[in-house]
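Derivation of every value follows stated rules applied to the coordinates shown; laboratory data play no part. Only a predicted model underlies this, so the values are computations on that prediction, with no experimental measurement involved.
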Amino acid sequence: MTSRQDQISAVLEKFTNSIGSEVAGVAAVSMDGIILVSRMAPEVNADRVGAVAATITGVTRRVSSELRIGSPDETIIQAHNGLFMVLPVGEKSLLAINLRKGANLGLVRLEARETVQSLAQML
């Protein structure tokens, strides 16, 4: 029988393969910032990315609540050399995505939503 970690890894691999080289890294993260499965580059500290993703989500939720605009569907940081995207997976987990500069954000957002749905069934 396949472990939950193997199932999550397969979903992340499918996401990465569907987007291609535009994805620099992807991770499934608990709401506490603990990495469940990471496909980040070796030079990236995945534990730190997980902690930051959880913090970003917490701050985004507080701001959205204060502004009374509803629950956030995603948070995107656009930087000079790429993007970082965080999407909630239910109430207890996150999908963190590191994209290279010039990534097709429309395609990534579509694939990310499908990935979130697949992960939500497991987490």
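Results, tabulated for the structure shown:
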{"item": "Three-way shape call for the chain based on the alpha-carbon gyration tensor, with the a/c threshold at 1.5", "result": "rounded"}
{"item": "Amide H contacts of LEU36 (H built 1.01 Å from N, under 5 Å, at least 5 apart or other chain)", "result": "ALA28, VAL29, SER30"}
{"item": "Amide hydrogen neighbours beyond the local backbone of VAL89, cut-off 5 Å, H modeled", "result": "LEU94, LEU95"}
{"item": "Using θ = phi - 60° and Karplus 6.51 cos²θ - 1.76 cosθ + 1.60, couplings along region 78-86 (whole Hz; Gly, Pro as x)", "result": "9, 10, 4, 10, x, 10, 10, 10, 10"}
{"item": "Hz values of 3J(HN,Hα) by residue in region 12-28 - Karplus curve (6.51, -1.76, 1.60), Gly and Pro given as x", "result": "5, 5, 4, 4, 4, 5, 6, 8, x, 6, 6, 8, 8, x, 8, 8, 9"}
{"item": "Distant-in-sequence amide H partners of GLY25 (H built 1.01 Å from N, under 5 Å)", "result": "ASN98"}
{"item": "Residue-wise HN-Hα coupling along region 46-62, computed from phi with Karplus coefficients 6.51, -1.76, 1.60 (Hz; x: Gly, Pro)", "result": "4, 4, 5, 4, x, 5, 5, 4, 5, 5, 4, 5, x, 5, 4, 5, 5"}
